[in-house]
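Report on the structure given below.
The values are calculated or read from the model by the stated rules, or taken from the named source; none is laboratory data. Note that the structure is predicted; figures quoted are calculated from it, not measured. A quick note on method: Cβ atoms are made from the backbone with ideal geometry, for glycine too, and the neighbour counts reach across all protein chains shown. Remember, those area values only see protein heavy atoms, side chains included, never the ligands or the DNA or RNA. Shrake-Rupley method; radii C 1.70, N 1.55, O 1.52, S 1.80 Å.
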Amino acid sequence: MKRALLIVDIQNDFCPGGALAVPDGDRIVPVVNGLMELFPEVVATKDWHPPGHISFASRFAKPVMTTIDTPYGPQMLWPDHCIRDTPGAEFHSELALAAIRHVVYKGCDPEIDSYSAFFDNARRQQTDLHRYLQETEVAGIFLCGLATDYCVLYSALDALELGYDVTVIEDACQGVNVVAGDSDRALRSIVAAGGRCVMSATLIHQWDKEGRL
Ligand code: VGL
Ligand code: ZN
């Protein structure tokens, strides 16, 4: 089974100093860099919002981390973040970009948010990720990145629903934890849905014995 590393949203705005900083978000960068050579395929996502996006609290003059109702259900409001073509939307400067073979852009629709790398939150539009993975004959997805309790979680659940073999690399992800314990609950729900959790050291050890995963 061909496997891909899916690097979720390791962008400046999700790292310390960024607009929607995940606590210790940049801790995972060297871990992720060390995993890339294990995989024959490496894909990365970018949260890529237009100005005035529906997930921005500023649009509604509401406090951040409160929710609004939308036609597709409740939407958590965030600080303005990952605005397309701005420094906050760029990959973290220490992420090893050379190994990334394809970049998936999500959250581009001004009226619909997208936590998943596959489908928007309304499940109306699809990114090109599923088609790309089919074309490159990838059947196993290993997830890492930001944030465990949002984009990693929903990408993993959609990948399982699409029939992929799904593994989350626990110490290569970091969560927002708007509510304490959200990241742990996210990992548990991925496992409950049929996914797996591993530590990066386990993968590296396996690779030492078997070559590319
Ligand atoms: C994300 C909140 C808002 C994420 C994206 O990448 O997990 N979280 N937009
Ligand atoms: Zn976003």
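Structure notes:
- Enumeration of residues in region 60-71 that are open to solvent by 40 Å² or more (accessible area, probe 1.4 Å) and either touching a residue at least 12 places away in the same chain (Cβ under 8 Å) or in a strand (DSSP E or B) (or both): 60, 62, 63, 64, 65, 67, 69, 71
- Of all the residues in region 178-213, those that are more than 23 Å from residue 95 (Cα to Cα) and touching an Asp or Glu at 6+ places or on another chain (Cβ under 7 Å) number 3.
- Residue ID - farthest from residue 16 (Cα to Cα), chosen from residues in region 86-100 that are within 15 Å of ligand 2 (Cβ to nearest atom) and assigned to a loop (DSSP other than H, G, I, E, B): 86
- Residues that are within 16 Å of ligand 2 (Cβ to nearest atom) and either more than 17 Å from the chain's Cα centre (by Cα) or aromatic (Phe, Trp, Tyr) (or both), drawn from region 27-61: 48, 50, 51, 52, 53, 54, 56, 57, 58, 59, 60
- Test result for residue 89, hydrophobic (A, V, I, L, M, F, W, C), touching an Asp or Glu at 6+ places or on another chain (Cβ under 8 Å) and open to solvent by less than 40 Å² (accessible area, probe 1.4 Å): yes
- Applying the criterion of being out of contact with any Phe, Trp or Tyr (no Cβ under 8 Å at 6 or more places or on another chain) and of a type in the set (Gly, Ala, Ser) to the residues of region 33-59, the residue that is most open to solvent (accessible area, probe 1.4 Å) is 58.
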